[in-house]
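Here the structure comes first, spelled out in structure tokens, and everything after it is commentary.
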Amino acid sequence: MRLVAFSPEYVRLVLNENFEDAKALFLSPLLAIHAAHLVMLNEQGIIPLADARALRDALSTLDPAAVAAAPYDESREDLFFYCERLIVAACGEDVAGRLHTARSRNDIDMTMYRMRLREYVLVLTDATLGLRASLIEIASEHRETLFAAHTHTQPAQPTTLAHYLLAVIEQLERDAERLLAAYGRTNVNPLGACAITGTGFPIDRERTTELLGFDAPTGNTYGSIATVDYLLESVGAAATVLAGLGRVVQDLLLWCTAEVGYLRLADGLVQPSSIMPQKRNPVALEHARALASKALAQTLGIPIVAHNTPFGDIVDTEDDLQPLVASAFKDATRAVTLVAVSLAGATFDVDRMAASVSAGWITVTELADTLARDHAVPFRIAHAIAGDVVRTGKTIGVEGPAHVVSVVRAAAARFGFGEIDMAPDEVARVLSPEYFVRVRRTSGGPAPEMTAQALDAARALLDADRAQLDALRARLANAEARRHEALDAI
């Protein structure tokens, strides 16, 4: 019991808010830490067996729902002390006090933060896998669906929808790799670092590590309390997901416009206008973009809060920051999931997409390539000849094979190559969007056989990533089961 009451303003502005946040975010990890620490203290002979059993029974009386509904009690500073008072009430102060042997709120807090963060990372990873699955299914159906790829917002070259989506899929594959790497550096156990220098008691950090589902204990006890790089890495991985996703969503929204018209969302994911009956607003994707932007802003705020703070135990990275971490990952997961849901029921206007490659000379790169590959014209000169074709064609409003043949012959003579024998039917084939895509068999290219191979690899990697995610979740579930068994066995 505090001898001096907290300031009412401090209670209203800080302690009450932090108590509510802690109940929502950290009650479950706190109770798990209590259980794991108690098992370890008993097994190490640090506390008497009778006291360990009394503490076990006292912990069983803590009702998470009742704690979650409790208002802030100004006689106790935070959730930890509130729960400690309940334990005291259940088994007496002398016995209850033994539970805090060889630990501090510092290492408890750092352990709770990592336990929650690892959950956030797994949930976001799962969402990226769901989006990959949706994109793989769509791409599989559209390996020959042509459309005009843009560079610098201008029509550039023909490609396929599968080729575009595979680029997004590969980006998401790297996102999963980054998130799972961040999970590995998050999932280490600070419990046992105590205030910052460890303890003289013969604790077993490996045991609490096992019971809480961590991969290993943290190393240096000072760093166990002071460092936040694991958080910044996880947040950075989430930020990378969001920045990449936002760019794709921007394309998708453009494709939903009446002027472009490539993409149509399912009826359940659009909203009408209150005044304009013709409107079909693609609001699901707009919400996804807004959520991604909001989450990205939150992820960027986290390193700003941590920046230029002392390297040690400091409140800046604790109570007030953790709700921002939770919100950032929640909104990131919502954004990724909403894009997956939006695309799963969407349809693509294949004819309209194909029309985008039928004009504007966007296949003319292949004319230059053919001159270089089949007619021994240096590529720079071939590029210049193809440029002449485009300029003269636009000037006279002609875009046919006969025009190309005449311009190529004239330009070739001008550059000293004599007559280049290209028949109109060869030109028509070379300038065909289908041919343009079909000959681009570069690894990772848009040719249908190449995208088929890429999709096979994408499916295999998705299966492997799902298996890894399932294994990580199973490990956490198994740790929880072992913890309950060990507690019951006291």
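The values are calculated or read from the model by the stated rules, or taken from the named source; none is laboratory data. None of these values were measured; they are calculated from a predicted model. All Cβ positions, even for glycine, are placed from backbone atoms using ideal geometry, and neighbour counts span all protein chains on display.
The table below lists the values:
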read-out	value
Of all residues making up the range 316-365, the number that are within 17 Å of Asp21 (Cα to Cα), at pLDDT below 95 and outside any loop (DSSP other than H, G, I, E, B)	2
Residues of the range 363-380 satisfying the condition of being in contact with a helix residue (DSSP H, G or I) (Cβ under 8 Å, 6 or more places away or on another chain) and among the hydrophobic types (A, V, I, L, M, F, W, C)	Val364, Leu367, Ala368, Leu371, Ala372, Val377, Phe379
Candidate set from the range 370-386 (those that are touching a residue at least 40 places away in the same chain (Cβ under 8 Å) and not in a loop (DSSP other than H, G, I, E, B)); member that is surrounded by the most Cβ atoms within 10 Å (Cβ to Cβ)	Leu371
Breaking point among (1) without any contact (Cβ under 8 Å) to a residue 12 or more places away in the chain; (2) under 25 Å from Asp488 (Cβ atoms), for Ile47	(1)
From the options Leu146, Leu191, residue that is among the hydrophobic types (A, V, I, L, M, F, W, C), touching a helix residue (DSSP H, G or I) at 6+ places or on another chain (Cβ under 9 Å), touching a residue at least 12 places away in the same chain (Cβ under 8 Å) and over 30 Å from Ala89 (Cβ atoms)	Leu146
One residue from Asn42, Asn16 being of a type in the set (S, T, N, Q) and farther than 25 Å from Asp204 by Cβ	Asn16
Pairs, first closer than 20 Å to Leu263 by Cα in the range 280-295, second not in a helix (DSSP H, G or I), C-beta under 6 Å, six or more apart	Arg280/Val270; Asn281/Val270; Asn281/Gln271; Pro282/Cys256; Pro282/Leu265; Pro282/Val270; Val283/Gln271
Any hit, the range 174-183, residues being of a type in the set (Ser, Thr, Tyr) and touching a Phe, Trp or Tyr at 6+ places or on another chain (Cβ under 8 Å)	no
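Here is a yes/no grid of residues against (1) polar (S, T, N, Q); (2) surrounded by 16 or more Cβ atoms within 10 Å (Cβ to Cβ); (3) at pLDDT 95 or above; (4) farther than 20 Å from Ala290 by Cβ:
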| site | (1), (2), (3), (4) |
| --- | --- |
| Gly192 | no, yes, yes, yes |
| Gly198 | no, yes, yes, yes |
| Glu210 | no, yes, yes, yes |
| Thr218 | yes, yes, yes, yes |
| Asp229 | no, no, yes, yes |
| Ala239 | no, yes, yes, no |
| Leu269 | no, yes, no, no |
